[in-house]
Amino acid sequence: MIKVPAWLRKRLSRRVVLGGGLAAASGAAIGMTGALAQSGHASHAGTVGAEAKLASAHRGAHGAMITVGEVDEARNGFDPTKLLTDWDRGTVSQLPDGRTLRTFEITAEDKEIEIAPGIMFLAWTYNGRVPGPSLRATEGERLRIVFKNYGSHPHSMHFHGIHAARMDGVPGAGLVAPGEEFVYEFDARPFGCHLYHCHALPLKRHIHKGMYGAFVIDPDPTRHPEYEAVARSRLLGTAENAEWQELVMVMNAFDTNFDGKNEVYAVNTVAHAYAKKPIKILRDKPVRVYLINVIEFDPINSFHLHANFFEYFNQGTTLTPTLKTVDLITQCQAERGILEFHFTEHEPGLYMFHPHQSEFTELGWVGMFDVVETVS
């Protein structure tokens, strides 16, 4: 690990980032501006200009702080907009007892990614992306996860769910050395919004470096006859589920100068991704967000929706809301849940969402829903 002198750590603190100092200190393109069109990226001038006009009125609400320039999504190997709806369902086969076996192939690898324009981060990844693939299965299925470690450190996959101790993904039970592999196998239960992450030591470093992802288990409607319609609406592939606009949002952050504090905050890794490119939402279709907090070094994160309220299902393990008619929820690390809301009674336009820790917002964790009548 690179050792950063104390004087430089102080200069690169997140509060210096807040004032635009990181750009001067490291050459990274962060500044206080609301005009993305001024970024100088001529090849993106039309797109960036249009997006800037679309979002500029709302950026001022938080001091007009915005990253300048564009992240190279092709080099990263992932696009934050596509991550919102990119579910990995593995491959399906049948066990001798007739049950469904769902198999996932996951690799660990070291990879440098761009988390904000000009800011590179040497990550440890699952399948070359941060967050890792969003795994989705159905309650009661048998899951088999073939994990191969191509990274430079021991890694594992610890699933938040119910399984045998030998499948727990901790030292002595599924920790995988570089060049080795391990097969995790267990039943998909309970249904809900879960996550997986590396549980190698030191834990905070392996998580912070990018080794985490969403793990969603849909309810089996036949097991919940009293709430069958609700369960079917959560079961991917059903007609009832198709009526929903589903999004997966993994709230994360990055310590870029090794001082144990985060300098860049985001949803799905890239700072300001959904402020620059708001998320299209159809006004007449309900929205379901699978929200997961994996921020390290900060004890609490939150999600606030502007001009609207939602129902919240903590952990996603119930078919009735645990909170009704709220516009803000807090999550500690590894906490997660499902948000449901709609814009049916709203006029089209841009509706902001962000944490209510203002510093997180100003350092990249903010976005907007672009509510429209139709999606072209």
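May I ask for the net charge around Lys209, where only other residues with Cβ less than 14 Å from the Cβ of Lys209 are counted and Lys, Arg are +1 while Asp, Glu are -1?
On the way: positive: Lys111, Arg129, Lys204, Arg205; negative: Glu109, Asp110, Glu112, Asp255, Glu296.
Summing Lys and Arg as +1 and Asp and Glu as -1 gives -1.
Measure up Lys285/Lys324; Lys111/Lys204; Lys148/Lys277 against 29 Å on the Cα-Cα distance and list the ones that go over. Pairs exceeding 29 Å: Lys148/Lys277.
Under 15 Å between alpha carbons, and skipping anything fewer than 8 positions from Lys276 in its own chain: which aspartates and glutamates qualify? Cross-link targets: Glu51, Glu70, Asp72, Glu73, Asp79, Glu362, Asp370.
Rounding to the nearest 20 debye, state how big the charge dipole of segment 187-297 is about its Cα centre with +1 on each Lys and Arg Cβ and -1 on each Asp and Glu Cβ. Please list the in-between numbers first.
Values: 14 positive and 13 negative charges, 73 e Å.
Once rounded to the nearest 20, the dipole reads 360 debye.
Among Tyr265, Ala275, Pro202, which residue has its Cα positioned farthest towards the positive end of the charge dipole of segment 185-331, with +1 placed on the Cβ of Lys and Arg, -1 on the Cβ of Asp and Glu, and the dipole taken about the Cα centre? About the Cα centre, the residue reaching furthest to the positive side is Ala275. Only one residue of Gly77, Pro133, Gly90 has its Cα farthest out toward the positive end of the dipole of segment 73-133, where Lys and Arg carry +1 and Asp and Glu -1 on Cβ, and that residue is Gly90. Farthest towards the positive end of the charge dipole of segment 288-376, among the residues Ile329, His354, Gly364, is the Cα of Ile329, using unit charges on the Cβ of Lys, Arg, Asp and Glu. Residue-wise HN-Hα couplings along segment 160-173, as the Karplus relation 6.51 cos²θ - 1.76 cosθ + 1.60 with θ = phi - 60° gives them from phi, are 7, x, 10, 6, 6, 4, 6, 10, 7, x, 10, x, x, 8 Hz; Gly and Pro carry x. Electrostatic bookkeeping for Thr125 treats Lys and Arg as +1 and Asp and Glu as -1; over the other residues with beta carbon under 9 Å from its beta carbon, the sum is +1.
Using unit Cβ charges (K, R positive; D, E negative) and no other charged atoms, how large, in debye to the nearest 20, is the dipole of segment 261-376 about its Cα centre? Spell out each step's value before the answer.
Details: 9 positive and 14 negative charges, 56 e Å.
Around 260 debye, computed over segment 261-376.
All of the numbers you see were taken from the coordinates with simple rules; none came from a lab. All values reported here derive from a predicted model rather than from experimental measurement. Because the Cβ atoms are built from the backbone with ideal geometry, glycine has one as well, and the counts that use them run over all protein chains shown.
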